[in-house]
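Peer 1: Shown below is the structure under consideration.
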Amino acid sequence: MRILGIESSCDDTSICLMDITDEKIEILAEKTASQIDIHKKYGGVIPEIAGRKHAEVITPVVEEIMKDFDKPDAIAVTAGPGLITGLIVGVETAKTLSYLWNTPLIAVNHIDGHINSVKLHLEADSPNQKLNFPILSLVVSGGHTELILSREKGHYEKIGGTRDDAAGEAFDKIAKIIGLDYPGGPKISKHAVDGNPKTIKFPRPMMDSDDYDMSFSGLKTAALYWLQDNAPKTENNTFKLEPQILDDFCASFEQAIVDVLVEKTVKAVKQYKPSNVLLVGGVSANAKLRETLKNTIEHISGTDFHLSALKYSMDNAAMIAAAGYNYAKEGKFTNWREVQADPNWKVYQKVENI
Ligand code: KG4
Ligand code: ZN
């Protein structure tokens with residue numbers, strides 16, 4: 001089945017044409033137009049600018065992807081959660097194409113997309129691996145930090161998550177105040193490679209609490225206090241750290257986040273005994289988190305660990321097409337007239353499939 005995936009929930013306009021069956025996934029064409037260079041100037045995504053940019057590029061990108069192909073069998077579009085300004089552009093484009101091509105439409109939840117990203121590999125043509133339930137997903141991105149349990153097909157249950165900032169948000173905000181460009185996560189992790197994570201003892205809020213909840217705003221405040229006490233301010237209102245201290249600060253901050261995420265995930269694995277653990281979302285590109293969680297889970301018998309290819313850990317349309325396939329193969333489409341962008345759509349509110 002050929003599916004056209006459309007993703008525009010944040011700052012990437014991504015389109016992918018995929019040939020997918022139960023056995024294999026073949027990416028026929030894909031392109032992501034990133035807005036990072038635009039939002040960098042502001043230190044974060046400006047929703048109005050994002051919406052305008054998505055509207056400007058989405059049609060040319062769809063045309064480019066489809067230029068050598070006939071119309072697809074289905075269209076899968078991110079309908080939420082995300083920024084309403086971006087979601088609307090993707091959803092309206094998908095509805096228009098669905099009407100024009102008379103092609104069925106699937107509204108995909110962005111988190112469902114991230115969860116399905118583990119099926120994507122870098123080879124253009126790769127197996128569509130089937131994962132046994134229960135599946136525990138650690139979804140970590142700029143907007144989400146959640147532990148989601150799927151006991152069977154069609155079941156998503158949130159067992160825990162952040163009570164305040166998402167992990168990616170904490171990375172981005174701290175990066176901004178030490179003068180690193182948006183998105184700050186990758187920059188912090190790059191500096192962290194050369195730093196000593198034991199240099200600064202940052203707190204690990206809620207790490208030992210009895211539940212699967214987390215909190216990153218206290219860590220952010222602790223980092224801010226440390227900077228106020230230890231680093232001079234620049235005229236841009238950011239803190240200036242000498243190169244080695246910058247590396248040590250980044251390594252210590254990253255370690256605190258990784259420790260909390262790993263501890264909570266392992267605790268959930270011990271309780272729920274999933275067959276598979278998935279680490280997905282933009283923050284899953286973090287090498288320290290990937291390695292630490294992989295090494296820890298691999299020592300727990302009966303549980304396998306899965307990551308998406310780095311390229312597909314960030315927002316992309318291939319993961320939306322892969323998630324859409326689960327619905328399309330069962331004929332679960334939505335009439336284009338009824339599909340609406342929902343910035344607060346929770347994957348575990350509406351029980352769907354995996
Ligand atoms: O999933 P994603 O592309 O967009 C959202 O749905 O939010 O995630 C983007 C987030 C940003 O906060 C970014 O800083 C973070 O993922 N991120 C990282 C790394 N790469 C991306 N955080 C830590 N380490 C990284 N290597
Ligand atoms: Zn995302």
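Peer 1: Residues in segment 261-277 that are closer than 14 Å to Thr145 by Cβ, in contact (Cβ under 8 Å) with a residue 60 or more places away in the chain and more than 12 Å from ligand 1 (Cβ to nearest atom): how many? First the steps, then the outcome.
Peer 2: Initially, segment 261-277 is screened for residues closer than 14 Å to Thr145 by Cβ, giving 261-265, 268.
Then keep just the ones that are in contact (Cβ under 8 Å) with a residue 60 or more places away in the chain; that gives 261, 264-265, 268.
Restricting the remaining residues to those that are more than 12 Å from ligand 1 (Cβ to nearest atom) gives 264-265, 268.
Qualifying residue count, segment 261-277: 3.
Peer 1: Considering only segment 293-317, state which residues are within 21 Å of the chain's Cα centre (by Cα) and surrounded by 18 or more Cβ atoms within 10 Å (Cβ to Cβ).
Peer 2: Within segment 293-317, the first condition is being within 21 Å of the chain's Cα centre (by Cα), and the residues that meet it are 293-294, 297, 304-317.
If the condition is that a residue be within 21 Å of the chain's Cα centre (by Cα) and surrounded by 18 or more Cβ atoms within 10 Å (Cβ to Cβ), then Leu293, Ile297, Phe305, His306, Leu307, Ser308, Tyr312, Ser313, Met314, Asp315, Asn316, Ala317 are the ones that fit.
Peer 1: For segment 281-306, how many residues are acidic (Asp, Glu), closer than 14 Å to Lys270 by Cα and either within 16 Å of ligand 2 (Cβ to nearest atom) or not in a loop (DSSP other than H, G, I, E, B) (or both)? Explain how you work it out, then say what you get.
Peer 2: Restricting attention to segment 281-306, the residues satisfying the condition of being acidic (Asp, Glu) are 291, 298, 304.
Filter once more, so that each one left must be closer than 14 Å to Lys270 by Cα: 298, 304.
Checking the rest, the ones that are also either within 16 Å of ligand 2 (Cβ to nearest atom) or not in a loop (DSSP other than H, G, I, E, B) (or both) come to 304.
Residues in segment 281-306 being acidic (Asp, Glu), closer than 14 Å to Lys270 by Cα and either within 16 Å of ligand 2 (Cβ to nearest atom) or not in a loop (DSSP other than H, G, I, E, B) (or both): 1 in total.
Peer 1: Within the bounds of segment 81-98, is there any residue that is of a type in the set (Ser, Thr, Tyr), within 29 Å of Lys153 (Cα to Cα) and either outside the structural domain of Val280 (by TED's automatic domain parsing) or within 16 Å of ligand 1 (Cβ to nearest atom) (or both)?
Peer 2: Quick first cut of segment 81-98, residues of a type in the set (Ser, Thr, Tyr) only: 85, 93, 96, 98.
Going one step further and asking which of them are within 29 Å of Lys153 (Cα to Cα), we end up with 98.
Retained after the next criterion (residues that are either outside the structural domain of Val280 (by TED's automatic domain parsing) or within 16 Å of ligand 1 (Cβ to nearest atom) (or both)): 98.
So far as segment 81-98 goes, yes, one or more of its residues are of a type in the set (Ser, Thr, Tyr), within 29 Å of Lys153 (Cα to Cα) and either outside the structural domain of Val280 (by TED's automatic domain parsing) or within 16 Å of ligand 1 (Cβ to nearest atom) (or both).
Peer 1: Would you check if there is a residue in segment 184-193 being under 23 Å from the mean Cα position of the chain (by Cα), more than 20 Å from Phe253 (Cβ to Cβ), modelled with pLDDT of 95 or more and β-branched (Val, Ile, Thr)? Before the answer, list the steps.
Peer 2: Narrowing segment 184-193 to residues under 23 Å from the mean Cα position of the chain (by Cα): 184-193.
Add one more test, that the residue is more than 20 Å from Phe253 (Cβ to Cβ), and what stays is none.
Within segment 184-193, not a single residue is under 23 Å from the mean Cα position of the chain (by Cα), more than 20 Å from Phe253 (Cβ to Cβ), modelled with pLDDT of 95 or more and β-branched (Val, Ile, Thr).
Peer 1: Return yes when Asp213 is assigned by TED's automatic domain parsing to the domain that holds Gly161, among the acidic types (Asp, Glu), away from ligand 2 (no atom under 16 Å from the Cβ) and surrounded by fewer than 21 Cβ atoms within 10 Å (Cβ to Cβ) and no when it is not.
Peer 2: Details: assigned by TED's automatic domain parsing to the domain that holds Gly161: yes; among the acidic types (Asp, Glu): yes; away from ligand 2 (no atom under 16 Å from the Cβ): yes; surrounded by fewer than 21 Cβ atoms within 10 Å (Cβ to Cβ): yes.
Judged against the criteria, Asp213 is a match.
Peer 1: Test each condition in (1) modelled with pLDDT under 95; (2) of a type in the set (Asp, Glu); (3) not in a loop (DSSP other than H, G, I, E, B) for Glu152 and report the one that comes out false.
Peer 2: Looking at each condition in turn, Glu152 falls short on (3).
The values are calculated or read from the model by the stated rules, or taken from the named source; none is laboratory data. Everything numeric in this text was worked out from a predicted model, so none of it was measured. Every residue, glycine as well, gets a Cβ built from its backbone with ideal geometry; the counts of neighbours run over all protein chains shown.
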